[in-house]
1. Within region 194-224, can you find the residues that are among the β-branched types (V, I, T) and exposed (fewer than 14 other Cβ atoms within 10 Å of the Cβ)?
2. Residue by residue through region 28-43, note down the ones that are modelled with pLDDT under 95 and either under 17 Å from F198 (Cβ atoms) or within 15 Å of the chain's Cα centre (by Cα) (or both).
3. Would you say T232 is closer than 16 Å to P166 by Cα, at pLDDT 95 or above, among the hydroxyl-bearing types (S, T, Y) and surrounded by 16 or more Cβ atoms within 10 Å (Cβ to Cβ)?
4. In region 172-193, is there at least one residue being surrounded by fewer than 16 Cβ atoms within 10 Å (Cβ to Cβ), under 22 Å from W243 (Cα atoms), out of contact with any strand residue (DSSP E or B) (no Cβ under 6 Å at 6 or more places or on another chain) and acidic (D, E)?
5. Provide a single number: the residues in region 50-69 that are surrounded by fewer than 18 Cβ atoms within 10 Å (Cβ to Cβ) and touching a Ser or Thr at 6+ places or on another chain (Cβ under 8 Å).
6. Which ones in region 160-183 are touching a Leu at 6+ places or on another chain (Cβ under 7 Å) and not in a loop (DSSP other than H, G, I, E, B)?
7. Looking at (1) more than 23 Å from P153 (Cα to Cα); (2) surrounded by 18 or more Cβ atoms within 10 Å (Cβ to Cβ), can you tell me which one P238 breaks?
8. Residues of region 252-268 being within 14 Å of the chain's Cα centre (by Cα) and either in a loop (DSSP other than H, G, I, E, B) or closer than 17 Å to A189 by Cβ (or both), which ones?
Amino acid sequence: MHIEYLVRCAAKSAAVLAVAATAVVAPPAAAHFQLLYTPTLLRASGGPIVLKMPFSHPAASGYVMEMAPPEQLIMVRRGRRTDLTEHLRQITWTSSENTNVAWEAPVRLRGLGDYVFALTPAPYLEPSEDAYIQQITKTIVNVGGLPTDWDAPLGLPAEIVPLARPYTLYAGGSFSGRVLSAGEPVPFAEIEVEYMNFPPDLAADAFAATGLTTPPHPAFETLSIRADQTGTFTFGLPRAGFWGFAALGVGPETSYQSKDMSQDAVIWVQARDM
């Protein structure tokens, strides 16, 4: 939603401030969330996987934003960084509202341990805000249960470093992370939380036709929490599945092509039933 970010930018102009005030009282909307998705974060063995990267609203199977070619996709394993950008392939992704350009990348997992993936998409111009959004997104896949790299910072401009292994989480448990901007903690960062209520259908490159649950109110589609003074947050995971966390506007870059930009940090985690 980026509403608070919009309000901060609106202080530069009385006219924009009036628009922002209207937006604050508008009905809640699902948040923008960059996906970096594979269906299982904890695997018994290696082998080929495909990472799917639409930019959409997975809590509501909402509008799919058109993605320009990403700036970078990397993989980190046992401290070694591999650039996967050349493996990116353009696809289309379908939601209940539309079909638009997205990206995917085939990857082969070789050996035990953590595979940390980080996507830096090109900034996206959000017309309703007249501002850019860039969501630098992480997901961590483990093979064989051997932990290696899951809690190591990658030095990204905007980053959420997990404080709990994001692939061994119970539904009913909790996830903790720390928000960093260019390696430094971000006190009291605003973090949006969204449940992947419409799981991706990898064969169709689309969200599922039916949601896993029905929120009691649209306001529950996107939750908002705050980190503490050290940039640390904890969130209880009430249901099995994928949960996304987006720390808004925490990156050092605040403008792009003469417009404001929210450089966000995103991480996806997977909870399972006991």
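1. Filtering region 194-224 down to residues among the β-branched types (V, I, T) leaves 210, 213-214, 222.
T210, T213, T214, listed by residue number.
2. Residues satisfying the conditions are A29, A30, A31, H32.
3. Working: closer than 16 Å to P166 by Cα: yes; at pLDDT 95 or above: yes; among the hydroxyl-bearing types (S, T, Y): yes; surrounded by 16 or more Cβ atoms within 10 Å (Cβ to Cβ): yes.
For T232, the condition - closer than 16 Å to P166 by Cα, at pLDDT 95 or above, among the hydroxyl-bearing types (S, T, Y) and surrounded by 16 or more Cβ atoms within 10 Å (Cβ to Cβ) - is met.
4. No.
5. Of the residues in that region, 2 qualify.
6. Of everything in region 160-183, those that are touching a Leu at 6+ places or on another chain (Cβ under 7 Å) and not in a loop (DSSP other than H, G, I, E, B) turn out to be V161, L169, S174, F175, S176, G177, R178.
7. (2)
8. Step one: of region 252-268, the residues within 14 Å of the chain's Cα centre (by Cα) are 262-268.
Within region 252-268, S262, Q263, D264, A265, V266, I267 qualify.
The values are calculated or read from the model by the stated rules, or taken from the named source; none is laboratory data. Since the structure is predicted, the reported quantities are computational estimates derived from the model, not experimental observations. Don't worry about glycine lacking a Cβ; one is built from the backbone with ideal geometry, like all the others, and counts go over all protein chains shown.
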